[in-house]
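What follows is a short report on a single structure.
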Amino acid sequence: MGHKPMETESARGRHQGPSPTETARRAGQLLREGSPEALQLIHDEISPLLQFWLSARFAGRLDTSERQDVLSTVLVHIWEGRKGYDPRRSLASWAHAITRNIAFDVLRRKLRHSEASEWTAENEPAYEVQEEESTLVAIRQADLEALLKSLDKNEQVVVRDYIANGSEPQWAKRSAEGLGITTNALRVRKHRAITKMRMLWNQQNCQVDANGR
């Protein structure tokens, strides 16, 4: 007579425990209800995924303590924005968008303190440029002017010039000379401004979604 294979603890957990999707849905419901239990579920189920993404994306750019600070800030933002969360949206995707914005904001602050050595015309990360361009393309034309007006005057000048002439090979050098700043400072200013526009645009979209759009 054969014996039934012994089921491992992990296997029992897979059979008996809720799926990640069910857990995320439950966390979303609790978040809307204002239950602190939501943060524990997010910390246990979603934060490890965000930590993995941060480690892969910002390796060598944000250290372990900085990445932990980002995750802690993410939980604060999620809790403070709980009333605007639409449970029809993926909680993990929403948390990832918040994480991405905060991480780039932390990186921007680091770069601002070391413009001359950290960010030069020769080593500007290609994916940063691609993300800036994709942000400007994604923002609807109707929103673009309003978001530009949310920037300070110096940032507006750089972004408007970038939109009009950024495809020119010598744009950064020419624009920097015209403004009387270094190309490093120009690129940091541009990145800071477009990051701010993206964050404001994301916030507006979250508010629209929450109102049933």
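The values are calculated or read from the model by the stated rules, or taken from the named source; none is laboratory data. Remember, it's a predicted structure, so these values are computed and weren't measured experimentally. For neighbour counting, all protein chains shown are included, and Cβ atoms are generated from backbone atoms with ideal geometry for every residue, glycine included.
Counting only helices (runs of 4 or more DSSP H) that fall entirely inside segment 85-184 and contain at least 3 residues that are in the same structural domain as GLU45 (by TED's automatic domain parsing), modelled with pLDDT of 70 or more and over 30 Å from ARG25 (Cα atoms), the qualifying elements are 91-113. Filtering LEU71, LEU111 for residues that are surrounded by 16 or more Cβ atoms within 10 Å (Cβ to Cβ) and more than 12 Å from the chain's Cα centre (by Cα) leaves a single hit, LEU111. Counting the residues of segment 76-90 that are within 14 Å of the chain's Cα centre (by Cα) and crowded, with 17+ Cβ neighbours inside 10 Å gives 1.
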